[in-house]
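The values are calculated or read from the model by the stated rules, or taken from the named source; none is laboratory data. In this text, all values refer to a predicted model and were calculated from it rather than measured experimentally. So basically every Cβ, Gly included, is an ideal-geometry build from the backbone, and we count neighbours across all protein chains shown. Just so you know, the surface numbers come from the protein's heavy atoms only, side chains and all, with ligands and any DNA or RNA stripped out. Shrake-Rupley method; radii C 1.70, N 1.55, O 1.52, S 1.80 Å.
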Amino acid sequence: MSAWDCLAAARRSERGPRAPFMLDGRRVGSIDAAGRLALAAWPQWFREEADGAWSMTVPRGAREAAFADVNAALRAEGLIRAWRDEPFALWNEDGALAAVIERASSRFWGAQTLGAHINGYVADATGRPQQLWIARRAWNKPTDPGRLDNLVGSGVPHGQTPRQAVCREAWEEAGLHPHELGGLAAGRVVELACDIPEGWQHEWLFVYDLGLAPGRVPQNQDGEVAEHQLLPMANALQRAADGEMTTDAALATLDFALRHQLLPVGDARRLGPVFEALLVAPERAEPFDRPIG
């Protein structure tokens, strides 16, 4: 099995150093050189600190309106891509909500986002996974069109937990009903911090597993999946290792393979320590997957 380039991609940095972006004295993201140059157009809202960090000076009550104006202008300049009209939380370094922003803008601001994926599998009589459901992303998706993906994958919008988001997407992407999700099991949480075409991806990816009954065929509901394929496990893992999947999906698949001991022993020994360096400690991740209130 080949090198699983997703491990390197999860930490790839190609655009040079990024300056911390601060709100209320707490880091909420980072900005590259092009972003710093663009923000000079709003000296009333942004300033560069003596240590090189950039701060937004807008009071909390007016902050989201300011973000909306700035993001619209950055979109017109081509610095924000793949606009979604979807609210995402802007977390500070302490895990507190600092603002709500447009999903696509999170890559410009280098903001921490949350993602959630489901490895959908079919097991043998002993419970060992034998086949894996793989989705192909629709060809008109704004990011990674036509690439292979997990059975279900979702960004986590403001107001939802990763589990809530992935359960919602389970219907939209695969036609799975709530009663079919009772066996949804949490895997681990993987941190990506890397350059992507849309900007800087800083994401905590929550991985889940779901066993499906033999013969249960996923049916996409929202037009965002071109097809589903049920592949023998070795074939699915090889395609993930070869880079046919998105980086997020390949990492979720690798997490599944390592936890279920599906890789050759030599590959597991070689890849395991590298993968574990990407993991978020459970005590840090758990509060993000806990319903509010």
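Residue-wise HN-Hα couplings along the range 275-285, as the Karplus relation 6.51 cos²θ - 1.76 cosθ + 1.60 with θ = phi - 60° gives them from phi, are 5, 4, 5, 8, 7, 8, 4, x, 5, 7, 7 Hz; Gly and Pro carry x.
When its C-alpha radius of gyration is set against 2.2 N^0.38 Å (N residues), the range 1-100 gives a value of 1.22.
Of the heavy-atom accessible surface of the range 12-82 (probe 1.4 angstrom), what whole percent is carbon and sulfur? Whole-percent figure for carbon plus sulfur exposure: 51. Mean residue ellipticity, 222 nm, helices only, the chain: the sum of -39500 (n - 2.57) across DSSP H runs of n ≥ 4, divided by residue count and rounded to 500, is -8000 deg cm²/dmol.
Of all DSSP beta bridges confined to the chain, the antiparallel ones make up roughly 75%.
Taking a ≥ b ≥ c as the square roots of the eigenvalues of the Cα gyration tensor, an a/c ratio of 1.5 or more together with a/b larger than b/c marks the range 166-247 as prolate. If amide H atoms are built 1.01 Å from N in the plane of the peptide, which residues on other chains or at least 5 residues away come under 5 Å of the amide H of Ala99? For Ala99, whose amide H was placed from the backbone, the distant partners under 5 Å are Leu90. The calculated FRET efficiency for the pair Ala34 and Ala281, based on their C-beta separation and a Förster distance of 30 Å, comes to about 0.35.
Packing around the peptides 67-76, 237-246, taken as the average count of other Cβ atoms within 10 Å per residue, puts them in this order, highest first: 237-246, 67-76. Estimated from the Cβ-Cβ distance and a Förster radius of 35 angstrom, the FRET efficiency linking Trp83 and Thr126 is about 0.15. Near the amide H of Val152, within less than 5 Å, lie the amide hydrogens of Ile118, Gly120, all on another chain or at least 5 residues away, with H placed in the peptide plane. The residues of the chain expose, per residue, 45 Å² of accessible area to a 1.4 Å probe. Using C-alpha pairs under 8 Å with a sequence gap of at least 6, the mean separation divided by the residue count of the chain gives a relative contact order of 21 percent.
In the chain, the longest principal axis of the Cα atoms and the axis of helix 162-174 are about 60 degrees apart. Relative to the first principal axis of the alpha-carbon coordinates of the chain, what is the inclination of helix 60-76, with its axis defined by its Cα atoms, in degrees from 0 to 90 and to the nearest 10? It works out to around 80 degrees. From the square roots a ≥ b ≥ c of the eigenvalues of the alpha-carbon gyration tensor of the range 211-280, which class results: rounded (a/c under 1.5), prolate (a/b over b/c), or oblate? Cα axes put the range 211-280 in the prolate bin. A protection proxy built from the mean count of other Cβ atoms within 10 Å ranks the segments 250-259, 222-231, 44-53, most packed first, as 250-259, 222-231, 44-53. The range 1-47 and the range 163-224 have Cα centres separated by 26 Å.
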